[in-house]
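The block underneath contains the structure these notes are about, expressed in structure tokens.
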Amino acid sequence: MPTRREFLLSAAALAARRAGAAPAKPMRGVFIIMATPYTDAKAVDYEDLAREVDFLDRAGVSGMVWPQMASEYSYLTKEERMRGMEVLARAARGKKPALVLGVQGPNTETAVGYARRAAELGPDALIAMPPTEAQSLDDFKRYYATLAKLTDRPFFVQTTGGAKGITPTADFLVDLAREFPNFGYIKEEFHPVVERMKAEAAHKPPIHAVFSGAAGRGMLYEMRLGFDGTMPGAPYADLYAQVWELYQGGQHAKARDLFSKLMLVINLDEQVPHSRNYILKKRGIFKTTVSRRGESRFTPEATREMDFQFAALKPYLRW
């Protein structure tokens, strides 16, 4: 049972969100980590970034998140990140999915710059990985405590992506949420993922939602355990959304069958690097398969395999 203090903190957070400019959207379901599109010259293609919002809205997902690891955020300049957030804020207006803007930085000062601009744009939520320049868990705490002063919107703490050798424990995350009620949202990716998610979800409130990542590979089991959502990549957003819808609607066998087809194409990314870029272009969402992580050249054999596995998904496509 929550303590009286935890209940009052949660109520205060809810009142703060209701007082904000944007109506609250549920922080639950499939929240897609958006991909970053590029031109042939490797410049960010902001037109395609806005088109990706239209795709995700039609796909039926609950949320969209940018920029994170799958967005190649570490390859983006400050100016590109700032402009991208502005483009997405405009494109997301009137759309159903919640917009979550990523504000992480290597240190507190850098993250504050992103967070201030993000807060001005009025997203539905924010997210940040821990700082990579931190030396201790205390540094993590100072980083998030500083960010907490900038917004009362829901704020996801991603457990991975920070300084090597420093792991935010479940106790750390719960204490953070108790002190800053809008920080009770977690994207968990540290192993053992399920055990950590269980430990975090046991503290509701002050914890409000526990999500996973890792391309949504564990989402069926996680739904069975009652967790709140997952944050996979963009190319198959409509498939993830339908797996969620089917399972939540009690059609568990159909959810399992569709999920098995989805996993075949998700696993392809390990055998065919940049297969996600290929699918985004094939589906007409992006103009190119360009990535700043490396060249995306596909052999005829790899192309045939991607097309073969993708063909099984065609009856379920919403774009």
Restricting attention to the stretch 142-163, does a residue exist that is under 16 Å from residue 65 (Cα atoms) and of a type in the set (D, E, K, R)?
yes
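Is it the case, given these coordinates, that residue 105 is part of a loop (DSSP other than H, G, I, E, B) and either among the hydrophobic types (A, V, I, L, M, F, W, C) or surrounded by 15 or more Cβ atoms within 10 Å (Cβ to Cβ) (or both)?
Yes.
Kindly check whether there is at least one residue in the stretch 138-154 that is within 26 Å of residue 285 (Cβ to Cβ) and either surrounded by fewer than 23 Cβ atoms within 10 Å (Cβ to Cβ) or of a type in the set (Ser, Thr, Tyr) (or both). Write out each step before concluding.
Our first condition is that a residue be within 26 Å of residue 285 (Cβ to Cβ); within the stretch 138-154, this holds for none.
No; the residues of the stretch 138-154 include none that is within 26 Å of residue 285 (Cβ to Cβ) and either surrounded by fewer than 23 Cβ atoms within 10 Å (Cβ to Cβ) or of a type in the set (Ser, Thr, Tyr) (or both).
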Output the number of residues of the stretch 163-193 satisfying the condition of being in contact with a Phe, Trp or Tyr (Cβ under 7 Å, 6 or more places away or on another chain) and either part of a loop (DSSP other than H, G, I, E, B) or modelled with pLDDT under 95 (or both).
3
Complete set of residues in the stretch 63-102 that are in a loop (DSSP other than H, G, I, E, B) and among the aliphatic types (A, V, I, L, M)
76
Conditions (1) buried (at least 17 other Cβ atoms within 10 Å of the Cβ); (2) touching a residue at least 12 places away in the same chain (Cβ under 8 Å); (3) outside any loop (DSSP other than H, G, I, E, B) -> residue 264 fails only (1)
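In the stretch 199-224, what residues are assigned to a helix (DSSP H, G or I) and of a type in the set (Gly, Ala, Ser)?
Selection gives 199, 201, 214, 215, 216.
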Checked pairs for the stretch 237-255, first under 25 Å from residue 70 (Cα atoms), second modelled with pLDDT under 95 and outside any helix (DSSP H, G or I), C-beta under 9 Å and 6 or more apart or across chains, list as none
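Being of a type in the set (Gly, Ala, Ser) and more than 19 Å from residue 145 (Cβ to Cβ) is the filter; apply it to the stretch 80-102 and report the residue that is surrounded by the fewest Cβ atoms within 10 Å (Cβ to Cβ). Working first, answer last.
As a first pass, look at the stretch 80-102 and keep what is of a type in the set (Gly, Ala, Ser): 84, 89, 91-92, 94, 98, 102.
Restricting the remaining residues to those that are more than 19 Å from residue 145 (Cβ to Cβ) gives 84, 89, 91-92, 94, 98.
Details: 84: 23, 89: 18, 91: 20, 92: 24, 94: 6, 98: 23.
For the stretch 80-102, the residue satisfying everything is 94.
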When the residues of the stretch 307-317 are filtered to those that are surrounded by fewer than 17 Cβ atoms within 10 Å (Cβ to Cβ) and part of a loop (DSSP other than H, G, I, E, B), which remaining residue is modelled with the highest pLDDT?
317
Counting only residues that are crowded, with 18+ Cβ neighbours inside 10 Å and either at pLDDT below 95 or within 19 Å of the chain's Cα centre (by Cα) (or both), how many does the stretch 194-217 have?
14
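Search the stretch 273-306 for residues being surrounded by fewer than 13 Cβ atoms within 10 Å (Cβ to Cβ) and touching a residue at least 24 places away in the same chain (Cβ under 8 Å), and hand back the single one that is nearest to residue 40 (Cα to Cα).
Just the residues of the stretch 273-306 that are surrounded by fewer than 13 Cβ atoms within 10 Å (Cβ to Cβ), to begin with: 284, 292-295, 297, 299-301, 304.
Keeping just the survivors that are touching a residue at least 24 places away in the same chain (Cβ under 8 Å) gives 284, 292-293.
Details: 284: 16, 292: 11, 293: 14 Å.
Ranking the candidates gives 292 first.
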If the requirement is being within 22 Å of residue 37 (Cβ to Cβ) and modelled with pLDDT of 95 or more, which of these qualifies: 292, 297, 304?
292
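The values are calculated or read from the model by the stated rules, or taken from the named source; none is laboratory data. Keep in mind the model is a prediction, meaning the values are calculated, not measured. As a convention, Cβ positions derive from the backbone with ideal geometry for all residues, glycine included, and neighbour counts pool all protein chains shown.
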